[in-house]
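The structure appears below as C-alpha cells.
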Amino acid sequence: MSILVIAGEMSSDHYGAELVKAIKKKSPNTRIAAIGGAKLQGVADDFLMETAYSHAVGITENWGKKDKKKQLLDTIHKFGKGRFVRKAIIIDYPHMNLAIAETLQALNISISTLITPNFWIWNDKRGGRKLASYSNEIVTIFESERKFYEGLGATNCHYFGHPLTLDLTPKYPKLPSKHEQKVIIFNPGTRETEIKRLFPQMCKIAKRLSTDQSIKCWVVCPNTRLRPIVEDLMKNHDDIIAVWDSETPWESRAHFVVNFAGTATLRTALLGIPQVIMGALSPISYLIVTYLLRFKFPFIGLPNIIMGSEVVPEYRQNDICPKKIANKILSIISSEDDYKAAQSQLKTLSDTLPANPDLYDQAATVFLR
C-alpha cells in the first residue's frame with residue numbers, strides 16, 4: 001500500500017514530515033511517496049519533486065508558475081498511473097489544491113486534506129464546498145477552520161490542535177533598559193515575490209530605527225534558496241545585517257519582530273515576542289481578490305484572524321509606510337508598560353491553542369482508515 005503526501009509550503013513540508021513519521025510508526029509497511037521539500041524528502045520512501053520552496057502568494061504572482069504547475073500535475077499523473085496508490089494527502093497547497101484533486105480523481109485515488117487553504121479565512125464557501133466534496137477526511141489546525149467546514153455540511157472534519165504548539169517553548173523576553181541593546185528581527189518571507197515586495201520597505205524601517213544606537217536590526221530568511229535575493233536587496237543598507245550564519249537561534253535574541261503575513265506571525269506570537277505584520281499582494285491581485293472575487297478579510301495576520309481583533313499591529317498594501325511602522329515599533333519598545341501589554345495580548349492568544357502531544361498520532365489514525 002502506498003500513500004502520496006503532497007505539500008506546497010515550507011511549513012506544510014515540516015508538518016508533512018512529522019505526519020509521515022507517525023504513519024510509519026503505526027503502519028511500518030505503508031510506503032510513502034512525497035512531493036514537497038527537504039524534510040519530506042528525508043522521511044519518504046520515494047521523493048518525486050520539490051514544491052515547498054517555489055510557491056507564490058497571490059493570483060497574478062502564480063501566473064508565471066505555469067510550467068511548474070504542469071510539471072507537478074504530470075508527476076502526480078505518471079506516478080499514480082504506474083503505482084498502486086491507495087490515498088493522497090494534500091497539505092496546505094493554495095492555488096493548486098483543486099487542480100491536484102482533479103488529477104487524483106481521474107486516477108481514482110482517494111483524497112484526504114491536512115490543513116485547508118484559506119477558504120475559511122475568506123469565507124469562500126464555494127471553494128470550501130469543492131474541497132469538502134473531494135476530501136474523504138479533513139484534518140484542520142484551527143477550531144474556526146473546522147467549524148467553517150462543518151457549517152458547509154461536512155461530517156468528516158477533525159481538529160486535534162495546532163502543530164506549532166508542539167515545537168515551541170514561549171520566551172516572553174524582557175524589555176532591555178533604555179541604553180541596553182534591543183534586537184529587532186526582520187522576516188520578509190519565504191517566497192521570492194513577497195521578499196521583493198516587502199524587504200525594500202523593511203530596509204527603510206531599519207534605517208529609521210537604527211538612528212537609535214541601542215537598536216540592532218537583523219534579517220532572517222528561512223528559505224535558504226532565496227538568501228542571495230535578500231543579500232542583493234541589502235546592498236547599500238549597512239543598518240541591517242544577515243544572521244543566518246549565526247550559531248545562536250535568532251529567536252533567543254529577539255526583542256521584536258517585523259514579520260511577513262504568514263505562519264511566522266503565529267510562531268512569533270506563541271513565543272511571546274511582540275511584532276508587527278506586513279503583507280502586500282501585487283496591485284492587480286489585490287483588485288481581483290477584493291473587488292472581483294469580493295473576498296473580505298479584516299485581518300491578514302494569523303494571531304488577529306484567530307482572535308477576531310487586532311492583537312498585533314498589521315499593515316497591508318498602501319498602508320505600508322516605513323515612517324508609520326517605525327514609529328509604532330519605537331512606541332512599543334520604548335515603554336515597558338506598552339511592551340508588557342503587547343505580550344499580555346499574545347498570552348491570551350496562546351491560551352486559545354492548547355498543546356496536544358498526540359496530534360500527529362491522531363491525524364495518522366484518521367488517514368490510515
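The values are calculated or read from the model by the stated rules, or taken from the named source; none is laboratory data. Everything numeric in this text was worked out from a predicted model, so none of it was measured. Cβ atoms come from the backbone with ideal geometry, glycine included; neighbour counts cover every protein chain shown.
Which one of the conditions (1) surrounded by fewer than 15 Cβ atoms within 10 Å (Cβ to Cβ); (2) of a type in the set (A, V, I, L, M); (3) not in a helix (DSSP H, G or I) does Leu166 fail to meet, given that it meets all the rest?
(3)
Pick from segment 202-216 the residues that are buried (at least 20 other Cβ atoms within 10 Å of the Cβ) and not in a helix (DSSP H, G or I): which of them is nearest to the chain's Cα centre (by Cα)? Working first, answer last.
Pass one, segment 202-216, residues buried (at least 20 other Cβ atoms within 10 Å of the Cβ): 202-203, 205-206, 209, 215-216.
Remaining after also requiring not in a helix (DSSP H, G or I): 215-216.
Working: Ile215: 28, Lys216: 26 Å.
For segment 202-216, the residue satisfying everything is Lys216.
I need every pair where a residue in segment 179-199 that is farther than 19 Å from Glu231 by Cβ and in contact (Cβ under 8 Å) with a residue 24 or more places away in the chain has its Cβ under 7 Å from the Cβ of a residue that is part of a loop (DSSP other than H, G, I, E, B) and hydroxyl-bearing (Ser, Thr, Tyr), sequence separation at least 6 or different chains.
The qualifying pairs are His179/Ser214; Glu180/Ser214; Gln181/Ser214; Lys182/Ser214.
Report every pair of residues separated by at least 6 positions or lying on different chains whose Cβ atoms are under 6 Å apart, first residue within segment 143-157 and over 15 Å from Trp122 (Cβ atoms) and touching a residue at least 12 places away in the same chain (Cβ under 8 Å), second surrounded by 14 or more Cβ atoms within 10 Å (Cβ to Cβ) and among the aromatic types (Phe, Trp, Tyr).
Glu143/Tyr159; Arg146/Tyr159; Cys157/Tyr149
Name the residue that is nearest to Leu359 (Cα to Cα), counting only residues in segment 127-147 that are acidic (Asp, Glu) and part of a helix (DSSP H, G or I). If you could, list the steps in order and put the result at the bottom.
Quick first cut of segment 127-147, residues acidic (Asp, Glu) only: 137, 143, 145.
Of the ones still in play, those that are also part of a helix (DSSP H, G or I) are 143, 145.
On the way: Glu143: 14, Glu145: 16 Å.
For segment 127-147, the residue satisfying everything is Glu143.
Check Leu175 against each of (1) touching an Asp or Glu at 6+ places or on another chain (Cβ under 7 Å); (2) surrounded by fewer than 21 Cβ atoms within 10 Å (Cβ to Cβ) and name the one condition it does not meet.
The failed condition is (2).
Looking at segment 117-126, can you tell me whether even one residue there is outside any loop (DSSP other than H, G, I, E, B), of a type in the set (Phe, Trp, Tyr) and in contact with an Asp or Glu (Cβ under 7 Å, 6 or more places away or on another chain)?
First, the residues of segment 117-126 that are outside any loop (DSSP other than H, G, I, E, B): 119-122, 125-126.
Going one step further and asking which of them are of a type in the set (Phe, Trp, Tyr), we end up with 119-120, 122.
Imposing the further condition that a residue be in contact with an Asp or Glu (Cβ under 7 Å, 6 or more places away or on another chain) reduces the set to 120.
Checking segment 117-126: at least one residue is outside any loop (DSSP other than H, G, I, E, B), of a type in the set (Phe, Trp, Tyr) and in contact with an Asp or Glu (Cβ under 7 Å, 6 or more places away or on another chain).
So Leu104 clears everything in (1) buried (at least 18 other Cβ atoms within 10 Å of the Cβ); (2) within 20 Å of Leu359 (Cα to Cα) except one condition, right? Which one?
(2)
Filter segment 93-116 for residues that are in a helix (DSSP H, G or I) and of a type in the set (Gly, Ala, Ser) and give the result. Walk me through it before giving the result.
From segment 93-116, those in a helix (DSSP H, G or I) are 97-106; that's our starting set.
Selection gives Ala99, Ala101, Ala106.
On the given criteria, is Ser135 of a type in the set (Ser, Thr, Tyr), closer than 15 Å to Val366 by Cβ and either outside the structural domain of Asp13 (by TED's automatic domain parsing) or more than 22 Å from the chain's Cα centre (by Cα) (or both)? Walk me through it before giving the result.
Details: of a type in the set (Ser, Thr, Tyr): yes; closer than 15 Å to Val366 by Cβ: yes; either outside the structural domain of Asp13 (by TED's automatic domain parsing) or more than 22 Å from the chain's Cα centre (by Cα) (or both): no.
No; evaluated as a whole, the condition is false for this residue.
From the set of residues in segment 217-239 that are within 21 Å of the chain's Cα centre (by Cα) and part of a loop (DSSP other than H, G, I, E, B), which is surrounded by the most Cβ atoms within 10 Å (Cβ to Cβ)?
Cys221
Table: residues versus (1) at pLDDT 95 or above; (2) more than 25 Å from Pro117 (Cβ to Cβ).
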| position | (1), (2) |
| --- | --- |
| Ile277 | yes, no |
| Ala280 | no, no |
| Glu310 | no, no |
| Lys328 | yes, yes |
| Leu349 | no, no |
| Tyr360 | yes, no |
| Ala364 | yes, no |
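Tell me, please, whether a residue that is outside any helix (DSSP H, G or I) and assigned by TED's automatic domain parsing to the domain that holds Ala261 can be found in segment 317-327.
Initially, segment 317-327 is screened for residues outside any helix (DSSP H, G or I), giving 320-321.
Next, only the ones that are assigned by TED's automatic domain parsing to the domain that holds Ala261 stay: 320-321.
Checked segment 317-327: at least one residue is outside any helix (DSSP H, G or I) and assigned by TED's automatic domain parsing to the domain that holds Ala261.
Considering only residues of segment 240-261 that are surrounded by 23 or more Cβ atoms within 10 Å (Cβ to Cβ) and in contact with an Asp or Glu (Cβ under 8 Å, 6 or more places away or on another chain), which is modelled with the highest pLDDT?
Phe260
Yes or no: segment 314-321 includes at least one residue that is of a type outside the set (Phe, Trp, Tyr), at pLDDT 95 or above and more than 18 Å from Arg267 (Cα to Cα). Before you say what the answer is, go through the steps one by one.
Of all residues in segment 314-321, those of a type outside the set (Phe, Trp, Tyr) come to 314, 316-321.
Subset that is at pLDDT 95 or above: 314, 321.
From what's left, more than 18 Å from Arg267 (Cα to Cα): 321.
Among the residues of segment 314-321, at least one is of a type outside the set (Phe, Trp, Tyr), at pLDDT 95 or above and more than 18 Å from Arg267 (Cα to Cα), which makes the answer yes.
On the given criteria, is Ile195 under 30 Å from Thr113 (Cβ atoms), in the same structural domain as Val312 (by TED's automatic domain parsing) and buried (at least 21 other Cβ atoms within 10 Å of the Cβ)? Walk me through how you get there before you give the answer.
On the way: under 30 Å from Thr113 (Cβ atoms): yes; in the same structural domain as Val312 (by TED's automatic domain parsing): yes; buried (at least 21 other Cβ atoms within 10 Å of the Cβ): yes.
Yes, satisfied.
Inside segment 119-145, can you point out the residues that are buried (at least 21 other Cβ atoms within 10 Å of the Cβ), under 18 Å from Leu302 (Cβ atoms) and in contact with a strand residue (DSSP E or B) (Cβ under 6 Å, 6 or more places away or on another chain)?
Val139, Thr140
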